[in-house]
1. Being of a type in the set (Gly, Ala, Ser), buried (at least 16 other Cβ atoms within 10 Å of the Cβ), free of Cβ contacts under 8 Å to residues at least 24 places away in the same chain and not assigned by TED's automatic domain parsing to the domain that holds residue 28: is that true of residue 149 here?
2. Considering only segment 112-133, state which residues are among the β-branched types (Val, Ile, Thr) and either free of Cβ contacts under 8 Å to residues at least 24 places away in the same chain or within 12 Å of residue 151 (Cβ to Cβ) (or both).
3. Which of the residues spanning segment 117-136 are surrounded by 13 or more Cβ atoms within 10 Å (Cβ to Cβ) and within 21 Å of residue 88 (Cα to Cα)?
4. Which residue, of 80, 139, is surrounded by 12 or more Cβ atoms within 10 Å (Cβ to Cβ), in a helix (DSSP H, G or I) and modelled with pLDDT of 95 or more?
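The values are calculated or read from the model by the stated rules, or taken from the named source; none is laboratory data. This structure is a prediction, so every number in the text was calculated from the model and none was measured. Note that we place each Cβ from the backbone using ideal geometry, even for glycine, and neighbour counts take in every protein chain shown.
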Amino acid sequence: MLLYIICFAVAMLIHELGHLAAARLCRIPATELGFGWGKRLFGFDLGGVEYKLHALPIGAYVRLDISELQRRSLGQQVFVLLAGVLVNLGAAGATWGTTFGTMNMLLAVTNLLPLYQQDGWKCGVVCLRALLRRHSTLVEWTFTIAGGGLSLAFFFAQTIRHL
């Protein structure tokens, strides 16, 4: 069990490093990369990015300059938003058949789902805005609710199939 937790934690960390690297390539400022939530336990600054370890080891994030990201081309926005998934897919392929490979694949696939705040959802919203050439709260909420419903339906279908 501990091996799964460690592998998943490392997969989350490299996922966020993928977003950070893509943002750097596209010259989009990032101020923070954090692992976990809650009280800050440890941190350091490197290259203008504050790296933080938090008390609750649940999740990871990178704080990008969103307004700068939104000024980029659709291709660059999608690249930055999907870079974490691409890194996880690469790591899964390179370590196929191992616990680390499985955790990377799990993280990549779940991040592609159009669930609120997942990378798939963020890319969907960015693409909808580009397609409509404007921000539409109604369309974005419809996408969010429909995406969540489809993701849950997919999950339940897979669960029933394996019973």
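1. The answer is no for residue 149.
2. Scanning segment 112-133 gives a single hit, 125.
3. Within segment 117-136, 118, 119, 120, 121, 122, 123, 124 qualify.
4. Selected residue: 80, the only one of 80, 139 that is surrounded by 12 or more Cβ atoms within 10 Å (Cβ to Cβ), in a helix (DSSP H, G or I) and modelled with pLDDT of 95 or more.
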